[in-house]
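J.: Pasting a structure below so you can have a look.
Read-outs throughout are calculated quantities, based only on the coordinates presented, and are distinct from any laboratory measurement. None of these values were measured; they are calculated from a predicted model. Glycine gets a Cβ as well: all are built from the backbone with ideal geometry, and neighbour counts include every protein chain shown.
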């Protein structure tokens, strides 16, 4: 019988894959050796003898763990058509007043 449900087939619930096992082993080894790669990179980045190119590479590497990467978005709009922006308070369905000159009818009719 191929495909479909088979009892006891597949990875057992809670079983770790190979990458997780390796990652946990590396983390355990770092803890045993009192080694923190982030501390090493930060110390290198703070050292004035480190080249600016290396310092920038370190800053870029560490920064990705401190804040999320921004993703681009596509806006599909025809040239000459406006964009309607609606601001709302949390828990309130009524639109907030916008800047002077904004067509309030557009906001009210949404």
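J.: Need pairs with beta-carbon distance below 9 Å; first residue touching a residue at least 24 places away in the same chain (Cβ under 8 Å) and within segment 1-20, second assigned to a loop (DSSP other than H, G, I, E, B); sequence gap 6+ or separate chains.
T.: Note: no pairs meet the criteria.
J.: Then there's this: Output the number of residues of segment 1-20 satisfying the condition of being surrounded by 10 or more Cβ atoms within 10 Å (Cβ to Cβ) and either over 20 Å from residue 65 (Cβ atoms) or in contact with a strand residue (DSSP E or B) (Cβ under 9 Å, 6 or more places away or on another chain) (or both). Spell out the reasoning first.
T.: Filtering segment 1-20 for residues surrounded by 10 or more Cβ atoms within 10 Å (Cβ to Cβ) gives 16, 20.
Next, only the ones that are either over 20 Å from residue 65 (Cβ atoms) or in contact with a strand residue (DSSP E or B) (Cβ under 9 Å, 6 or more places away or on another chain) (or both) stay: 16.
The qualifying residues number 1.
Matching residues to (1) touching a strand residue (DSSP E or B) at 6+ places or on another chain (Cβ under 6 Å); (2) in a helix (DSSP H, G or I); (3) surrounded by 10 or more Cβ atoms within 10 Å (Cβ to Cβ); (4) in contact (Cβ under 8 Å) with a residue 60 or more places away in the chain:
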| residue | (1), (2), (3), (4) |
| --- | --- |
| 30 | no, yes, yes, no |
| 35 | no, no, yes, no |
| 41 | no, yes, yes, no |
| 50 | no, no, yes, no |
| 55 | no, yes, yes, no |
| 61 | no, yes, yes, no |
| 75 | no, no, no, no |
| 84 | no, no, yes, no |
